[in-house]
1. Quick one: which strands (runs of 3 or more DSSP E) sit completely within region 32-112 and have at least 2 residues that are within 20 Å of Thr6 (Cα to Cα), at pLDDT 90 or above and of a type in the set (A, V, I, L, M)?
2. In region 18-31, what residues are out of contact with any strand residue (DSSP E or B) (no Cβ under 9 Å at 6 or more places or on another chain) and surrounded by fewer than 17 Cβ atoms within 10 Å (Cβ to Cβ)?
3. Just give me the residues in region 1-17 being buried (at least 18 other Cβ atoms within 10 Å of the Cβ) and within 30 Å of Glu73 (Cα to Cα), in sequence order.
4. Could you count how many residues in region 131-159 are under 19 Å from Leu2 (Cα atoms), out of contact with any helix residue (DSSP H, G or I) (no Cβ under 6 Å at 6 or more places or on another chain) and surrounded by 19 or more Cβ atoms within 10 Å (Cβ to Cβ)?
5. Please work out which one of (1) assigned to a helix (DSSP H, G or I); (2) among the polar types (S, T, N, Q); (3) under 14 Å from Tyr127 (Cα atoms) is the condition Thr6 fails and give its number.
6. Tell me, please, whether a residue that is touching a Phe, Trp or Tyr at 6+ places or on another chain (Cβ under 7 Å), closer than 20 Å to Pro42 by Cβ and not β-branched (Val, Ile, Thr) can be found in region 109-119.
7. Looking at region 81-104, I want the residues that are closer than 27 Å to Gly133 by Cβ and have a partner that is of a type in the set (Lys, Arg) and outside any strand (DSSP E or B) with Cβ atoms under 9 Å, at least 6 apart or on another chain. Which pairs are those?
8. Is it true that some residue in region 32-52 is touching a Cys at 6+ places or on another chain (Cβ under 8 Å), of a type in the set (S, T, N, Q) and surrounded by 17 or more Cβ atoms within 10 Å (Cβ to Cβ)?
Amino acid sequence: MLDYQTQRQIELFLFEEARLLDSGDFEGWLKLYAPQGIYWMPSQPGQTDPLNVASIIYEDYGILAIRVQRLLEERALVLTPMPQTTHLFGNIVAQAKSEQEFSVDAAFVCVVHQAEKQKVYAGRHAYDLVRAGDGFRIKLKRVSLMNSNGTQTPLTIPL
């Protein structure tokens, strides 16, 4: 078990990530990632191999930076109007892997509203976090959708 202060710092970090995404501050969101950070959304429940098994999304920091750049382009037709999101986290459990690294598991629900339509995504987030100064950086964020093996529409906004 983590001490209360570290657990709370990690919870606040996740809440800040949700706030940045919900406010459309994608550049701020990208800054939460370590330079070697990975954003992964498996296509199958229990998937362990992101490279030899197709994933819904598997992006390193460089590709995430391109995604953010595209989200900010005024001519991104798929984002007209820009989707609005509400991210909710719960059941946050963090464990120390070392003094500087932590694994975190959390349940999530994300509502995406765009052009009078709403879609609800739910599942679990698994993070590998590393301490950076007085905060954390994301080395890996795994988004395990409840319906990962179902038909998915293109996802433009990070979950």
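1. Numbers: elements: 33-42, 55-60, 84-96.
The qualifying strands (runs of 3 or more DSSP E) are 84-96.
2. Selection gives Ser23, Asp25, Glu27, Gly28.
3. Scanning region 1-17 gives Phe13, Leu14, Glu17.
4. Within region 131-159, residues that are under 19 Å from Leu2 (Cα atoms), out of contact with any helix residue (DSSP H, G or I) (no Cβ under 6 Å at 6 or more places or on another chain) and surrounded by 19 or more Cβ atoms within 10 Å (Cβ to Cβ) number 1.
5. Condition (3) is where Thr6 drops out.
6. yes
7. From residues that are closer than 27 Å to Gly133 by Cβ, the pairs are His87/Arg19; Ser103/Lys97.
8. There is no residue in region 32-52 that is touching a Cys at 6+ places or on another chain (Cβ under 8 Å), of a type in the set (S, T, N, Q) and surrounded by 17 or more Cβ atoms within 10 Å (Cβ to Cβ).
The values are calculated or read from the model by the stated rules, or taken from the named source; none is laboratory data. If you're wondering where the values come from, they're calculated on a predicted model, not measured in any experiment. Here the Cβ is made from the backbone with ideal geometry for all residues, glycine too, and neighbour counts use every protein chain on show.
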